[in-house]
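**Q** This is the structure, below, for whatever I ask next.
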Amino acid sequence: MKALLSDISAVFVGDAQADRVVPPTGFTARLTLFAAGAMAFLAVFALALSMASGRLAQRWGDELAQSSTLRISAPVEQRDAQTAAALRVLETTPGIAAARALSDAEQRALLAPWFGPDLPVENLPIPQLIAIEETEAGYDADGLRLRLQAEVPGAILDDHTRWRKPLQQAAGRLRLLGGLAIVLIAAVTAAMITLAANAALAANAKIISVLRLVGARDSYIAKAFVRRFTLRAFLGAAGGTVLGVGAVLLLPAAQDQGGFLTGLGFQGLSALWLVLVPLLAAIVAFVATGAAARRTLSELR
Amino acid sequence: MIELDNIAYSYGGGELLSEISLSIQPGDFYFLTGPSGAGKTTFLKLCYGELTPTSGHAKLFGQDVRGMSRDDHATTRRRIGVVHQDCAFLDHLPLSDNVALPLTVSGRDDLDQVANLKELLAWVGLKERAHALPPELSGGERQRAALARAVIMSPDVVLADEPTGNVDWDMSQRLLQLLVELNKMGKAVVIATHDMNLIRAAKSKVQARVLRIANRHVQLAGADL
């Protein structure tokens, strides 16, 4: 552990001499920077997606969880009586904050998208709706159903679980996909940096053999490469993250219509996750280059 | 320091060297001669652990080469200065950095050593060329630099593969003198060379023995020089 920490600090503090021992290679350096930057850019979007779906799942869950609906399907002459009875039952049910029968105007508004605005609601046998607001603790839906069955035979309770579950499930899956995308991005970054490091190690085989000849340990040689690739990945990913955040900020702001894509921004503390993108890239590069160097060096004499 | 016990070495095809036993002790001074392709370079590589004998045992500073880890090899190389036949420099670093490379990689590049470096470069006549890149140097300059790099760590053993191949007589005398001085300080020196004149010149300065490689064997040559 101690050795690992000193390795990590060496990456950032650096050893100017060890650095000079391996000649700089402009082309691989630029490619590594670009690859790390592009991957960080994608990671920002995956992160944004994952967080937005997380927020969406929570919002849907919260809004639907706090309300439910009671539908009274009774012959017209019994409707008012049953509605009153149902309201009485609801008032005495623990866990219900408020219950209110929707007015005809409200019911008409709900139906308007389907039947047009001029529907004569009062002449149709439309069930009466009662909106229920729950307290934080919520109520016992099964118990309420039993009581309603006894006292208000025409009442059907809908506590929205039916709606909530698939919505939350979908949002949860989306979030999982976002996480998976980040893992894949990290894996692809590791693969690309491994390839780049292998190329650099192969290109510098002569230098490595000279260093071995004069008594350099593997760890010394590896350090020169690891430091280089770790810094490149870090800088590239930092640039890519900045560009990615810029692109996310350029998206239209979230609107009331509940647009899904427009809610992609980073809010509050979740922005801190962005800092982790370049750090993760650096860690991935550190591990990948270290492994590549150890493997290559152990094959040489 | 270097013990070769009945070792043999064969490349894919046939045996290049066989039944070699030799013990190199502090203060020894050896010349290694033999026709081209006889295995002089291979013999030197066996001495510094670059090659592992295909049979027999080679011990460097008491450790069997076969049991040595990669780090053990690195540590051993710091005690054995090698003048490679093709010099083997880092072409992007100036000469002075190349000569100081053994110090750099072992973390000993402190101020004392820097003064040492200047003195050493002056000794091999490369003071003016300290900032030149290796590809800009002549063959002779490269060989002198390779020798300077081999001795900068003040190693216990110096193995030199044709160190005077490309330098004029005066400079080869100078390089020889440097090796003789090191030898007088108790270092062991092994020089592979074709140059009989160099061997004769050395015999007047130091108790040198001559090893001849012939027919896969290494023999101690008599007083035939």
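**Q** Chains A and B: what accessible area do they bury, summed, in square angstrom to the nearest 100, with a 1.4 Å probe? Provide the component values of the computation, followed by the final result.
**A** Details: alone 17770 and 10570 Å², together 26160 Å².
In total, this chain pair buries about 2200 Å².
**Q** Between A:A81 and B:N116, what is the spin-label point distance in nm, taking each point 7 Å from the Cα along the Cα→C-beta axis?
**A** Each label point is offset 7 Å from its Cα along the Cβ direction, giving 11.2 nm.
**Q** Rounded to whole Å and sorted largest first, what semi-axes of the equivalent ellipsoid does the C-alpha gyration tensor of region B:2-89 yield via the square root of 5 times each eigenvalue? All intermediate terms of the calculation are to be shown ahead of the outcome.
**A** Numbers: eigenvalues 71, 54, 41 Å².
Result for region B:2-89: semi-axes of 19, 16, 14 Å.
**Q** Then there is this: Quick one: among B:A132, B:A146, B:A202, which has the greatest mean-square fluctuation in a GNM of chain B with alpha-carbon springs under 10 angstrom?
**A** B:A132
**Q** To the nearest 10 degrees, how steeply does helix B:169-184 sit against the main Cα axis of chain B, on a 0 to 90 scale?
**A** The angle comes out near 70 degrees.
**Q** Calculate I(q)/I(0) for region B:41-139 by the Debye formula, one identical point scatterer on each C-alpha and no solvent, and give its log10 at q = 0.25 Å⁻¹ to two decimals.
**A** Per q value, in the given order, log10 I(q)/I(0) is -1.30.
**Q** Under the Kirkwood approximation applied to all pairs of distinct alpha-carbon atoms, what is the hydrodynamic radius of region B:2-220 in Å?
**A** By the Kirkwood definition, the hydrodynamic radius is 17.7 Å.
**Q** Per residue of region B:129-137, in order, report the coupling 6.51 cos²θ - 1.76 cosθ + 1.60 (Karplus, θ = phi - 60°) as ³J(HN,Hα) in whole Hz, putting x for Gly and Pro.
**A** The phi angles translate into 9, 4, 9, 6, 7, x, x, 7, 8 Hz.
**Q** Let me ask you something else. By a straight-distance test (C-alpha under 22 Å), which lysines pair with B:K127 as possible cross-link partners, with residues fewer than eight away in the same chain excluded?
**A** Filter leaves B:K118.
**Q** Tell me, what HN-Hα J-couplings in whole Hz come from the Karplus equation 6.51 cos²θ - 1.76 cosθ + 1.60 at θ = phi - 60° for each residue of region B:186-198, using x for Gly and Pro?
**A** Listing the rounded values in order: x, 7, 8, 10, 10, 10, 8, 7, 9, 7, 5, 4, 5 Hz.
**Q** With just the Cα atoms of region B:114-225, tell me how far they stretch along each of the three principal axes, in Å, largest first.
**A** Reported extents, whole Å, longest axis first: 44, 28, 25.
**Q** Looking only at other chains, what is the average number of their beta-carbon atoms within 10 angstrom of each beta-carbon in B:88-94? Mind showing how you got there, number by number?
**A** Numbers: counts 7, 3, 10, 4, 6, 5, 0.
The mean count of partner-chain Cβ atoms within 10 Å per residue comes to 5.
**Q** Please calculate how many Å² of accessible area the protein assembly as shown carries per residue, with a 1.4 Å probe and no DNA, RNA or ligand atoms counted.
**A** 50 Å²
**Q** Nearest 10 degrees is fine. How inclined is helix A:26-65 to the longest principal axis of chain A, computing both from alpha carbons?
**A** 20 degrees
**Q** Using a/c under 1.5 as the rounded threshold, could you call region A:85-199 rounded, prolate or oblate? The axes a ≥ b ≥ c are square roots of the C-alpha gyration tensor eigenvalues, and prolate needs a/b larger than b/c, oblate otherwise.
**A** Taking the square roots of the gyration eigenvalues as a ≥ b ≥ c, region A:85-199 is prolate.
**Q** Build a GNM of chain B with springs between Cα atoms under 10 Å: which of B:R142, B:R78, B:R66 gets the top mean-square fluctuation?
**A** B:R66
**Q** With r as the distance between the Cβ atoms of B:S10 and A:N198 and R0 = 35 Å, compute the FRET efficiency 1/(1 + (r/R0)^6) and round to 0.05.
**A** The computed FRET efficiency comes out at 0.65.
**Q** Quick one: accessible surface of A:W163, probe radius 1.4 Å, all protein chains present, in square angstrom to the nearest 10.
**A** Here the accessible area works out near 140 Å².
**Q** Against the longest principal axis of chain A, how steep is helix A:104-115, in degrees 0 to 90 to the nearest 10, with axes from Cα atoms?
**A** So the inclination is approximately 60 degrees.
**Q** On to the next question. Before rounding to the nearest 500, sum -39500 (n - 2.57) across all DSSP H runs of length at least 4 in chain A and divide by the residue total; then give [θ] at 222 nm in deg cm²/dmol.
**A** Value at 222 nm, helices only, nearest 500: -24000 deg cm²/dmol.
**Q** Give me the Debye-computed log₁₀ of I(q)/I(0) at q = 0.13 Å⁻¹ for region A:74-153, equal point scatterers on Cα only, no solvent, two decimals.
**A** -0.48
**Q** GNM, chain B, Cα, under 10 Å: largest mean-square fluctuation among B:K59, B:K184, B:K40?
**A** Comparing B:K59, B:K184, B:K40 in a Gaussian network model of chain B, the most mobile one is B:K184.
**Q** If you take the Cα Rg of region A:194-233 and divide it by 2.2 N^0.38 Å, with N the number of residues, what do you get? Provide the component values of the computation, followed by the final result.
**A** Values: Rg = 10.3 Å, N = 40, 2.2 N^0.38 = 8.9 Å.
Output field value: 1.15.
**Q** So, in nm, how far is label B:N215 from label A:W114 when the simple model puts each one 7 Å beyond its Cα toward the Cβ?
**A** With each label placed 7 Å out from Cα toward Cβ, I get 11.0 nm.
**Q** Here is a further query. What's the carbon and sulfur percent of the protein assembly as shown's accessible surface, probe 1.4 angstrom, rounded to a whole number?
**A** Here carbon and sulfur together make up 60 percent of the probe-accessible area.
**Q** Also, I was wondering about something else. Answer rounded, prolate or oblate for the protein assembly as shown, using the Cα gyration tensor with square roots of eigenvalues a ≥ b ≥ c: rounded when a/c is under 1.5, else prolate when a/b is larger than b/c, else oblate.
**A** Prolate.
**Q** Could you tell me which of rounded, prolate or oblate describes chain A, using a ≥ b ≥ c as the square roots of the eigenvalues of the alpha-carbon gyration tensor, with rounded for a/c under 1.5 and, failing that, prolate when a/b is larger than b/c and oblate otherwise?
**A** Since a/c reaches 1.5 and a/b is larger than b/c, the shape of chain A is classed as prolate.
**Q** So, one more: At what distance in nm do the modelled label points of A:D142 and B:T52 sit from each other, each positioned 7 Å from its Cα along Cα→Cβ?
**A** 7.1 nm
The values are calculated or read from the model by the stated rules, or taken from the named source; none is laboratory data. No experiment lies behind these values; they were computed from the predicted model shown. Using ideal geometry, Cβ is built from the backbone for each residue, glycine included, and neighbour counts are taken over all protein chains shown. Quick note on the areas: whole protein, heavy atoms, side chains included, nothing else; ligands and nucleic acids left out. Shrake-Rupley method; radii C 1.70, N 1.55, O 1.52, S 1.80 Å.
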